[in-house]
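Visitor: Attaching a single structure in structure tokens format; questions to follow.
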Amino acid sequence: MTESKRKRGLQTRIVHAEDQITPGFESFSTPVTRASTVVFPDLAAMRALDWKNDAQWRYGLHATPTQIALAQRLAAIEGGKHALLQPSGLSSISNVYFGLLKAGDDVLIPDNVYSPNRDHGDWLARDFGITARYYDPLIGAGIASLIRPNTRLIWIEAPGSVTMEVPDVPAITAAARARKVVTAIDNTWSAGLAFRPFDHGVDISVQALTKYQSGGGDVLMGATITVERDVHVKLKAARMRMGIGVSSDDCSLILRSLPSMQLRFAQHDRAALSLAAWLKSRPEIVAVLHPALADCAGHEVYKRDFTGAGGLFSVVFDERYSAAQIDTFCESLELFSLGWSWGGAHSLAMPYDIASMRTAAQWPHRGTLVRFYIGLEDEADLRADIEQSLATLA
Ligand SMILES: *Cc1c(COP(=O)(O)O)cnc(C)c1O
């Protein structure tokens, strides 16, 4: 320490500490870098900054090394080049809308989309001068006839939330590309593991990292993943203007879960498929909406384009059971909890009134739908639990 530094007060020496940390420490964890201020080596470096360049550090809101480590790994999982983190999956959906649309533009949304996405589209249509139109998720190449000169964005969800129809993604993206319309897929269901959107012509993949990437039911986060830099930069501009960033602590929790994600996904997949096949044999149930089973609309497309299914599927009960009876069924489950979100170790069940959620396509079933999320409990216990709860219907 120089003489002038030694004369500084204790408080200054605490703030400007000169830690002597032995170099050479190595561990498997990604360091957590928390920052608002990012320090520049000199003013020339500060003035030369380009906000579009992801390799430059500017301000803790926009990126820290922990956040970029997570973004890079997420991009690698899906075969993308760029990723932007948001504080929730819904916030990533919102980022796509505000990054790409302006007043006078048109957006096409599948009728079975994650319902807060639908609400977001309706809000922009009501208050921000865009038009939001809903399409039959099984439309495939027929989407071409819905594209208007001012259509800027087509949403895809594969499969659709709750009802699980599997859309023909390459047919939709081919029609969109022919008219230079950007496509965004909500790819949360497959975690980016079982469906590779960029191999099928999609421009933007949205992940609710809250689900399998977190894996603990304890972190909320979202990501948009892209290949084209132009699209990435548009999303980045909207994110920056809205002042949106994420916590490096939350990123470190997801970084901790990522290495086990494929193994967890495979286990969810095995148990869910086995329980779904068993439910198909039950007299109370008329349809099992699991993309790997033939009852599910788009099953053939699933076989062509997907490599797995994870833990989420739905069943339709016979219409002889009232909605109140199905509520009792759900509440009588002991290992399945009632609650939103999924992707953690705990199994969940939730009833839905689908007919009230549709405007573009007729829902073909009449009975009540229950969506199951199969967690990491012993499969035999989950089956016994469903069995005892089905007995309440007798
Ligand atoms: C959960 C979910 C989201 C939203 O994620 P949040 O982090 O809860 O906002 C978006 N899309 C799908 C398909 C989801 O399941």
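The values are calculated or read from the model by the stated rules, or taken from the named source; none is laboratory data. Not measured: the values here are computed from a predicted model. Cβ placement follows ideal geometry from the backbone for every residue including glycine, while neighbour counts extend to all protein chains displayed. To get the accessible areas, we keep the full protein, side chains included, count just its heavy atoms, and leave off ligands, DNA and RNA. Shrake-Rupley method; radii C 1.70, N 1.55, O 1.52, S 1.80 Å.
Visitor: Counting only residues 5 or more places away or on other chains, whose amide H sits under 5 Å from the amide H of D186 once H atoms are built in the peptide plane?
Guide: Correct list: I156, E157, A158, V206.
Visitor: Given 0.36 nm per residue, what is the gain on full extension from D50 to F28 after removing their alpha carbon distance, in nm?
Guide: Extending this stretch completely gives an extra 4.8 nm.
Visitor: State, to one decimal in nm, how far the label point of A103 lies from the label point of K5, with both points 7 Å from Cα in the Cβ direction.
Guide: 5.7
Visitor: Same structure again: Ratio of Rg to Rh for the stretch 43-255, alpha carbon only, Kirkwood?
Guide: Working: Rg = 16.7 Å, Rh = 17.4 Å.
We get a ratio of 0.96 for the stretch 43-255.
Visitor: Calculate the translational D of the stretch 260-393 in whole µm² s⁻¹ from Stokes-Einstein, where the hydrodynamic radius comes from the Kirkwood formula applied to all Cα pairs, the temperature is 10 °C and the viscosity 1.306 mPa s.
Guide: Numbers: Rh = 15.2 Å.
D = 104 µm²/s.
Visitor: Between W278 and M357, what's the calculated FRET efficiency when r is the beta-carbon distance and R0 is 35 Å? Round to 0.05. Provide the component values of the computation, followed by the final result.
Guide: Numbers: r = 27 Å, r/R0 = 0.78.
In this case the efficiency is close to 0.80.
Visitor: Also: Under a 1.4 angstrom probe, counting protein chains only, how are I156, I77 ranked by accessible area, largest first?
Guide: Numbers: I156 0, I77 45 Å².
Correct descending sequence by accessible area is I77, I156.
Visitor: Could you give the distance between the Cα centres of the stretch 66-133 and the stretch 368-394, to the whole Å?
Guide: Computed from Cα coordinates, the inter-centre distance equals 34 Å.
Visitor: Highest GNM mean-square fluctuation, the chain, Cα pairs closer than 10 Å: which of A48, A384, A35?
Guide: Fluctuation is largest for A48.
Visitor: Can you give me the accessible area per residue for the chain, using a 1.4 Å probe, in Å²? It would help to have the intermediate numbers written out before the result.
Guide: Numbers: 18550 Å² over 394 residues.
With the other protein chains kept in place, the chain gives 47 Å² per residue.
Visitor: Now, a different point. Where in the stretch 191-235 is the amide nitrogen less than 18 Å from a point lying 7 Å along the Cα-to-Cβ axis of A144?
Guide: Under 18 Å, as judged by backbone N against the label point of A144, lie 201-202 of the stretch 191-235.
Visitor: Taking the mean number of other Cβ atoms within 10 Å as a proxy for protection, how do you rank 289-297, 184-192, 52-60 from highest to lowest? Display every interim value, and only then the final one.
Guide: On the way: 289-297: 21.1, 184-192: 26.3, 52-60: 14.2.
Order by mean packing, descending: 184-192, 289-297, 52-60.
Visitor: Let me ask something else. How many percent of all Cα-Cα pairs in the chain sit more than 34 Å apart? Don't skip to the answer; put the middle values down first.
Guide: Numbers: 27315 of 77421 pairs.
Looking at the chain, the distances longer than 34 Å represent 35 percent of pairs.
Visitor: Something else about it: Using only Cα atoms and rounding to the nearest 10 degrees, what angle (0 to 90) does helix 323-332 make with the longest principal axis of the chain?
Guide: The angle comes out at about 60 degrees.
Visitor: What is the extension gain from S341 to D378, computed as 0.36 nm multiplied by their sequence separation minus the C-alpha to C-alpha distance, in nm to one decimal?
Guide: 11.3 nm
Visitor: Once fully extended, how much extra length lies between V15 and K303, figured as 0.36 nm per residue of separation less the alpha-carbon to alpha-carbon distance? List each step's numbers first, then the result.
Guide: Working: separation 288, 0.36 × 288 = 103.68 nm, distance 5.97 nm.
Between V15 and K303, full extension yields 97.7 nm more.
Visitor: Another one. Most mobile of P41, P159, P149 per a Gaussian network model of the chain (Cα springs, under 10 Å)?
Guide: So, out of P41, P159, P149, the one fluctuating most is P41.
Visitor: Share of the chain's accessible area from carbon and sulfur, percent, 1.4 Å? Don't jump to the answer; show the numbers that get you there.
Guide: Details: 9920 of 18550 Å².
Of all accessible area on the chain, carbon and sulfur atoms account for 53 percent.
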